[in-house]
Amino acid sequence: CNCHNKAEDCYYNQSIADQKRSMDIHGQYIGGGVCLNCSQHTAGINCETCADGYFRPHKVRFGKYHSNVLLNYSTMMCISAPCNYTWFFFISGRIAKSYRGQCQCREGYTGEKCDRCAFGYRGYPNCL
């Protein structure tokens, strides 16, 4: 299983494999590994998203290149809301980039602190 160093246990799920929802170590959605008990406030099949109440800073995504440096899943952290501080990202022990301001909100939410429903959603805090 590819849990990005965020879980110690996993299991195989044929349905996940058939739907190509589990990421392998090369970033391809092949296989059926499902991570158990994701750590560091992560969640998802491969511990690739943040758990409820935690967010990645705005403009920073897991496993994507930023400023020609790969910010990989195993080095990224999920941060507790509110997200109105300056965030620092460490790569090989050095500060790579800092951001000020807004959270990267889950689908259906918007605002600097993800504290209101996005367009097309209603009923904060559920935002359906």
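Each reported figure results from applying straightforward, stated rules to the coordinates on display, with no laboratory input. Note that this is a predicted model, so its numbers are computed, not measured. Cβ placement follows ideal geometry from the backbone for every residue including glycine, while neighbour counts extend to all protein chains displayed.
The table below gives the values:
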quantity: Mean shadow area of segment 1-51, taken as a quarter of the surface of its Cα convex hull (nm²); calculated: 3.0 nm²
quantity: Computed label-point distance, nm, for sites GLN28 and ASP52 using a 7 Å Cα→Cβ extension; calculated: 3.6 nm
quantity: Under-5 Å amide H pairs with GLY32, H placed in peptide plane, nonlocal only; calculated: ASN13
quantity: Per-pair calculated FRET efficiency, R0 = 35 Å: ALA118 and ALA17 via Cβ, rounded to 0.05; calculated: 0.60
quantity: Mean Cα-pair separation over length for segment 1-51, i.e. relative contact order, pairs under 8 Å, 6 or more apart, %; calculated: 40 percent
quantity: ILE79 long-range amide H proximity, modeled H, under 5 Å; calculated: PHE55, ARG56
